[in-house]
Amino acid sequence: MKKRKISSSSSISKKSASAGGKKKKSSASSLTRKHSPAAKRSPGRQDYSRDTKPYYEPTFHGKPPEFQPEVKPAPAPYTPSYDLPSSYNKTKIVLLVRDPYWVYSYWDISGDTYQWIEGIRRDVQGKVRTVLRVYDVTDIDFNGSNAHRYYDIDCHLDAKNWYIDLGTPDRAYIVDLGLIDGNGKFYLIARSNVVRTPRDGPSDIVDEAWMAADFEEIYALSGGFGIGLSSGEMKARGKRIMKEWLSSGGISSPGFFLKRTFDEKGNTFQIASEIVFYGKAPQDAQVTVAGKPVVIRKDGTFSIRYFLPDGAQSIPIKMHLPRQGETKEAILEVRKEAT
Amino acid sequence: MDRRGYLLLVLHAHLPYVRHPEYDDFLEEDWLYEAITETYIPLIEMMDRFANEGVPFRLTMSVTPPLASMLRDGLLQERYLRHIHKLIELSAKEIDRTRWQPEFERLAHHYHQRFRAARAVFEDQYGRDITKAFKKFQDMGCLDIITCGATHGFFPNMEVVRNSVRAQVKLAKDHYEEVFGRSPQGIWLPECGYNPGDDKILKEFGFKYFFVDTHGILHGVPRPKYGVFAPVFCPSGVAAFGRDIESSKQVWSAIEGYPGDYEYREFYRDIGYDLEYDYIKPYIHADGIRVNTGIKYYRITGPTNHKEPYSLDRGREKAAEHAGNFMFNRERQVDYLNTRLGRKPMIVAPYDAELFGHWWYEGPQWLEFLIRKVVLNSNVVQLTTAGEYLKENPRNQVVTPSFSSWGYKGFSEVWLEGSNDWIYRHLHEASIRMQELARAYPGSSGVLERALKQAARELVLAESSDWAFIMKTGTVVEYAKKRTKDHILRFHKLYEDIKGNKIDERWLSDIESKDNIFPNIDYRIYA
């Protein structure tokens, strides 16, 4: 039997219903600070701040969008250029989970939809904003108007993708791409798939048949709190340590071939010297350099190369002709001094 | 044997599918050749020694479908032999060149011997196909070979195109059966990327277990009673094993990990970069770009650029010492956990296979020392495989693991950020179109069937998580971008040609010869 002990998810939705936007806003903004380093965003995407955006009640903008643009899948013809198509002439928006706080969205707009959007921009009075309307649809079969709550993020239609800071793990979301006219009327362009942000801490749900005597200890031993911490430590600390572990690069996400880079050598100044002995000899001759046999090539030449250490070397070079029983020898004296 | 806990060693062996018949010498193909010489062959030699000496070892290894495909490819086998012959030649020259540097000369002899042994194992012992070696050890009951996504696609980023996740799993299973002659029991999810519910797809294709990162288990629902020290059953009945942080850290960590020890061989000082250009030129890339040769003479020495000559003996001693230390720590860990859990703990220690030998030169020695010590000397820890464990411990908690990966930060960000997010709209569209094709042409033959199969090949090749990973890490970014674009553009052309009933057979033959992974690919899986 599973038993829901303290459910953080249901308490969140209650909170947002009773305390309204204000309380939620403050907690969201702290998460925003924590999890939205500007560097993580792709260049060219406008920064937005959650602090200035209220959480709208579902009825705030009147009725949910009625217009459902006709989606005509009309694939763009293949062009033999080397660039990928900039559009597939479909109208859609897709969400991908990045982590417990962020999702990535991309969208595509068909030619017909573009015309429809241009029509709205032309016909309605005042400024028309492009927004991503984020619905919290956790444990809901979403019908367009029954979300726990939703809020809007201003975006650029032509950006065609956006990172969305949802700020809350373990919740389900749907995002509408749409327009809002001066009267607050919402025009739906496309509705996304549902995504659920991952958990970033242990579940509150406990199976009574499988209950640990001291879960915090097991969690700690598993690395959740970091090794050796007392079980009285706060969950928040556990999360922090888990995060440090997860983000301590070089442990996870390897791929040694794909990641290989070479050390900066800096201002290294290195000198080495080598010595090459080369010459000619008859094909059947046996040549040795410092006692080491040398291969004579088909054209009668040979060469051998040595690293030359500091100091004096005496190098005998011998040629022996077995048929003639003849031996010739030369000795080279080499001296290398580095000062 | 009644020991108090289990150690499950997993090596994840993977390289992206890189094969370019259109070039005589292709830089990125070297990944495979280096890995064969430095990682796979040393591991095979280790297992052969165990087999000869009757050491009842247990090891789990994922051999991903792209890697297995490359290892079985005639052209790449031919090129590997060319590669290893050149190294044999170079190392022979090095023996001459270093005659006045005894510490280097000894290493030159060592490399020469290693390269000759690698060639012999590759060519003489296993007839150029070293997947046969892995199969042999699996058939002996010592090695558990698991598979992976067909091209190592990162499943969480395919959530909106589940047909592609299914295809990654199904094609991997089919390929495994071709290569290893039995059905796969386990799977290494690419990058440990798990999205709740993916286990249903694994179940559909008969998988019994997979692996997730620590937080995948710890943050599962409901709370896992034994933390990460026992596998859990997903609601589908497939078991999930979680990675142990402590044992991972000892090996992985750039700071505290073993591979950074000053006695170990320095990876970055390779003669391909260090020696005089004209001398080394025949042994580097044909275009004259300096590359790693695998011949390295220095040890890590310390944190500065000053490097001392490497000593094989001291490196080996260190590997033995580290293996002893690792076993000691696991025994302590198991003993303690045993008292706290009231159950024999399971320690899952997964590593990238290519860490061993390629990066951490002494890694295979460490592993050999460790396995010998645990099998022969430990009274506390026993090596196991996931399948054996589940047989001995059939009762496990039902938990839905949490969304997770083993990538930096633990989720999807490595494969979904500013440098690589642009690929997904194209990958997803190709998946949707592939589904449309598979539904429109359930029965096909001749050129049409060839085109449909090739479309599926182009799609899976584009889906490799390696391309996004390279874009993120900033190494061979242009290559990764080109691969992504090439496969997607080829896919789209095939799609248009199939729909327009105008298949260009000459062009099709050309890309079939290039992107030749999965000759028997079942495109209907996308329907």
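The values are calculated or read from the model by the stated rules, or taken from the named source; none is laboratory data. Every value quoted in this text rests on a predicted model; they were computed, and no experiment measured them. Note that each Cβ is placed from the backbone with ideal geometry, even for glycine, and that neighbours are counted across all protein chains shown.
Restricting to segment B:437-467, count the residues that are surrounded by 17 or more Cβ atoms within 10 Å (Cβ to Cβ) and not polar (S, T, N, Q).
Count: 18.
Any chance segment B:211-222 includes a residue that's within 29 Å of B:TYR361 (Cα to Cα), within 9 Å of chain A (Cβ to nearest Cβ) and not hydrophobic (A, V, I, L, M, F, W, C)?
yes
With the checklist (1) buried (at least 23 other Cβ atoms within 10 Å of the Cβ); (2) within 26 Å of B:ALA323 (Cβ to Cβ) in hand, flag the one item B:LYS249 doesn't pass.
Just one mismatch for B:LYS249, condition (1).
Test B:ARG490 against the stated conditions and say whether it is within 11 Å of another protein chain (Cβ to nearest Cβ), closer than 21 Å to B:HIS20 by Cβ, free of Cβ contacts under 8 Å to residues at least 60 places away in the same chain and over 26 Å from the mean Cα position of the chain (by Cα).
Here the answer is yes, as B:ARG490 does meet what is asked.
Please indicate, with yes or no, whether at least one residue in segment B:14-28 is at pLDDT 95 or above, surrounded by fewer than 24 Cβ atoms within 10 Å (Cβ to Cβ), among the hydrophobic types (A, V, I, L, M, F, W, C) and assigned to a helix (DSSP H, G or I).
no
Can you tell me which of B:ASP261, B:ASP274, B:ASP278 is at pLDDT 90 or above, outside the structural domain of B:GLU28 (by TED's automatic domain parsing) and surrounded by 15 or more Cβ atoms within 10 Å (Cβ to Cβ)?
B:ASP274
Since B:THR293 meets every condition but one in (1) in a helix (DSSP H, G or I); (2) under 22 Å from B:GLN113 (Cα atoms), which condition does it not meet?
(1)
Residue-wise test of (1) under 22 Å from the mean Cα position of the chain (by Cα); (2) more than 14 Å from every other protein chain (Cβ to nearest Cβ).
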| site | (1), (2) |
| --- | --- |
| B:LEU8 | yes, yes |
| B:PRO21 | no, yes |
| B:GLU34 | yes, no |
| B:THR37 | yes, no |
| B:LEU43 | yes, yes |
| B:PHE57 | yes, yes |
| B:PHE104 | no, no |
| B:ALA120 | no, yes |
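Any residue in segment B:442-458 that is aliphatic (A, V, I, L, M) sitting within a Cβ distance under 8 Å of a residue that is at pLDDT below 95? List the pairs, counting only those 6 or more apart or interchain.
B:LEU452/B:SER444
Consider segment B:102-120. How many of its residues are under 15 Å from B:TYR297 (Cα atoms) and either among the basic types (Lys, Arg) or in contact (Cβ under 8 Å) with a residue 40 or more places away in the chain (or both)?
8
State whether one or more residues within segment A:308-329 are surrounded by 11 or more Cβ atoms within 10 Å (Cβ to Cβ), modelled with pLDDT under 90, touching a Gly at 6+ places or on another chain (Cβ under 8 Å) and within 11 Å of chain B (Cβ to nearest Cβ).
no
Say whether the condition of being assigned to a helix (DSSP H, G or I), closer than 27 Å to B:GLU178 by Cβ and either within 14 Å of chain A (Cβ to nearest Cβ) or touching a Phe, Trp or Tyr at 6+ places or on another chain (Cβ under 6 Å) (or both) is met by at least one residue in segment B:473-483.
yes
Taking the options B:GLY227, B:GLY220, name whichever one is buried (at least 23 other Cβ atoms within 10 Å of the Cβ), at positive phi and of a type outside the set (A, V, I, L, M, F, W, C).
B:GLY227
Listed here are the residues, each with its yes/no results for (1) free of Cβ contacts under 8 Å to residues at least 24 places away in the same chain; (2) more than 16 Å from A:GLY279 (Cβ to Cβ).
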site	(1), (2)
A:GLY291	no, yes
A:ARG297	yes, no
A:PHE302	no, no
A:ASP310	no, yes
A:ILE315	no, no
A:HIS320	no, no
A:GLY325	yes, yes
A:LEU332	no, no
A:ALA338	no, yes
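Please go through segment B:32-45 and give me each residue that is buried (at least 21 other Cβ atoms within 10 Å of the Cβ) and either not in a helix (DSSP H, G or I) or not hydroxyl-bearing (Ser, Thr, Tyr) (or both), ordered by number.
Hits for segment B:32-45 are B:LEU32, B:GLU34, B:ALA35, B:ILE36, B:GLU38, B:ILE41, B:PRO42, B:LEU43, B:ILE44.
Given the criterion on the phi > 0 side of the Ramachandran plot, surrounded by fewer than 19 Cβ atoms within 10 Å (Cβ to Cβ), away from every other protein chain (no Cβ under 14 Å) and without any contact (Cβ under 8 Å) to a residue 60 or more places away in the chain, identify the matching residue among A:GLY126, A:GLY119, A:GLY111.
None of the other options fit; the residue is A:GLY126.
For segment A:290-324, name all the residues that are in contact with a Leu (Cβ under 9 Å, 6 or more places away or on another chain) and of a type in the set (A, V, I, L, M).
A:ILE315, A:ILE317
In the set B:GLN382, B:GLN365, which member is within 20 Å of the chain's Cα centre (by Cα), more than 14 Å from every other protein chain (Cβ to nearest Cβ) and touching a residue at least 12 places away in the same chain (Cβ under 8 Å)?
Exactly one of B:GLN382, B:GLN365 is within 20 Å of the chain's Cα centre (by Cα), more than 14 Å from every other protein chain (Cβ to nearest Cβ) and touching a residue at least 12 places away in the same chain (Cβ under 8 Å), namely B:GLN365.
Looking at this structure, is A:ALA209 over 30 Å from B:GLY407 (Cα atoms), within 14 Å of chain B (Cβ to nearest Cβ) and modelled with pLDDT under 95?
Judged against the criteria, A:ALA209 is a match.
Please note which strands (runs of 3 or more DSSP E) are completely contained in segment A:125-213 and include at least 2 residues that are in contact with an Asp or Glu (Cβ under 8 Å, 6 or more places away or on another chain).
A:129-136, A:149-154, A:172-180, A:186-191
Is it the case that segment A:291-303 has a residue that's in a strand (DSSP E or B) and crowded, with 16+ Cβ neighbours inside 10 Å?
Yes - at least one qualifying residue is present in segment A:291-303.
(1) without any contact (Cβ under 8 Å) to a residue 60 or more places away in the chain; (2) in contact with a Phe, Trp or Tyr (Cβ under 6 Å, 6 or more places away or on another chain); (3) part of a helix (DSSP H, G or I): which one isn't true of B:GLU317, the others all being true?
Of the numbered conditions (1) without any contact (Cβ under 8 Å) to a residue 60 or more places away in the chain; (2) in contact with a Phe, Trp or Tyr (Cβ under 6 Å, 6 or more places away or on another chain); (3) part of a helix (DSSP H, G or I), the odd one out for B:GLU317 is (2).
Is it true that some residue in segment B:35-56 is assigned by TED's automatic domain parsing to the domain that holds B:LYS135, more than 30 Å from B:LYS514 (Cβ to Cβ) and β-branched (Val, Ile, Thr)?
Among the residues of segment B:35-56, at least one is assigned by TED's automatic domain parsing to the domain that holds B:LYS135, more than 30 Å from B:LYS514 (Cβ to Cβ) and β-branched (Val, Ile, Thr), which makes the answer yes.
For B:SER402, are the conditions met, namely being within 30 Å of B:GLN333 (Cα to Cα), outside any helix (DSSP H, G or I), touching a Leu at 6+ places or on another chain (Cβ under 8 Å) and polar (S, T, N, Q)?
Criteria met by B:SER402.
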